[in-house]
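First comes the structure, then the notes that go with it.
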Amino acid sequence: MEKKRVALRKLLEAVEKEILKKPDKKTLDRLSLLVGFQDWESFQQALHGETSADKNYK
């Protein structure tokens, strides 16, 4: 029974580590395309700065 608990604990730790991992740039760029931006940087600029989203629709 103890071996199963240890194995389950290790599995949960591995899953948590994978869930908390930051997505790579390629994934972020693809997600930004879904909301109408050319790349992740332009999305971040529009979200946190003064840049208008209209610049992406030229």
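The values are calculated or read from the model by the stated rules, or taken from the named source; none is laboratory data. Please read all numbers here as calculations on a predicted model, not as lab measurements. Positions of Cβ are generated from backbone atoms using ideal geometry, with glycine treated the same way; all protein chains shown enter the neighbour counts. Each accessible area value is taken on the protein alone, full model and side chains, heavy atoms only, with ligands, DNA and RNA left out. Shrake-Rupley method; radii C 1.70, N 1.55, O 1.52, S 1.80 Å.
Out of segment 1-45, which trypsin sites (Lys or Arg not before Pro) are coil in DSSP terms and have no more than 13 other C-beta atoms within 10 Å? Walk me through the numbers on the way to the answer.
Numbers: sites: 3, 4, 5, 9, 10, 17, 21, 25, 26, 30; in loops: 21.
Loop-located and lightly packed - 21.
Per residue of segment 22-37, what does 6.51 cos²θ - 1.76 cosθ + 1.60 with θ = phi - 60° give for ³J(HN,Hα)? Whole Hz please, x for Gly and Pro, Karplus curve as stated.
Values, residue by residue: 6, x, 7, 4, 4, 5, 5, 5, 5, 5, 5, 4, 5, 9, x, 10 Hz.
Calculate one ³J(HN,Hα) per residue across segment 38-44 by plugging θ = phi - 60° into the Karplus curve 6.51 cos²θ - 1.76 cosθ + 1.60, and present them in order as whole Hz with x for glycine and proline.
6, 7, 5, 5, 5, 5, 5
Please give, to one decimal in nm, the separation of the simple spin-label points placed at residue 8 and residue 38, each 7 Å out from Cα toward the Cβ.
A separation of 5.2 nm, rounded to one decimal place.
At 1.4 Å probe size, with no ligands or nucleic acids counted, give the accessible surface of residue 16 in Å², nearest ten.
Spelled out: residue 16, probe radius 1.4 Å, area about 110 Å².
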